[in-house]
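Heads up, the thing below is written out as structure tokens.
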Amino acid sequence: MCCSGFLKIMMFIFNGGIFLAGAVILGVGIWVQVDSNSFLDILDEVEDASSLSQLVNVSYLLIAVGAVLLVIGFLGCCGAIRESKCMLLTFFSIVLIIFLIEVAGAIVLFVFKDVAGELLQELEKNVQKTIVNNYGKNEKLTSVWNNTMEELKCCGYRNYTDFTDSPFYNNGGKGLYPTPCCNSTISTDTCNENTAKKANIDGCFDKLLQLIEDNALVIAGVAMGIAALEIAAMVVSMVLYCKAGKDR
């Protein structure tokens, strides 16, 4: 009885961790989905960007995995408390499948960093062409780029020169660059070429790539941590399953 009680407590702790991890992943998926709208707005104006736009669909995968982990955590806790053989066996089978998927997904995320960099690199010329043709003329594109640069603290796709000869530069700005391209600590009231060059603000390419790499590592690390919890939970669930069979 003492051993059985200890196993129940451990099962509850393991599945509580899985439940909380599922809630975190679900929240991250929702955040990515909401925050990806501005990124999609930029890609809508870029030619040959369909391959990269599919990357934002990872948010749906995160939401689905998070929801499944929530259910698994709840199912495992109930199965341990009630010592239900059916629930314990169902829990073990589902967790085993999810475990295999998570290991494969973690490997994909590690590889995804390099793939994302290559895709962003391929889009460079098309993005720069879009900026030169539409920034300052297309209100939607201009607003999206302004918001993106303000949020990521970056300038253009590579640097301030991406805005040279754009409608904003030639007409509205009269040789000026967007405000985010100049560091507020050293700039004057106007952001001209000399000021932008002196500020040397990083391009959004580098910021976006760093954001993708950081998030990929975090998600992969969380997935491996969850996998460890799932292995422990599967072992405990099988022990409880066998004990429940002997008791009956």
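Partners of residue 85 within straight-line reach, counting lysines whose Cα lies under 24 Å from its Cα and excluding those fewer than 8 residues away in the same chain: 8, 243, 246.
What segment 199-248 shows is 51 Å² of accessible area per residue, with the surface traced by a 1.4 Å probe over protein heavy atoms.
Within straight-line reach of residue 125, meaning a Cα separation under 25 Å, sit the following lysines at least 8 residues removed in sequence or on another chain: 113, 137, 140, 153, 174, 197, 198, 207.
The values are calculated or read from the model by the stated rules, or taken from the named source; none is laboratory data. Since we're looking at a predicted model, the values are computed, not measured. In case anyone asks, the SASA skips ligands and DNA or RNA and just uses the protein heavy atoms, side chains included. Shrake-Rupley method; radii C 1.70, N 1.55, O 1.52, S 1.80 Å.
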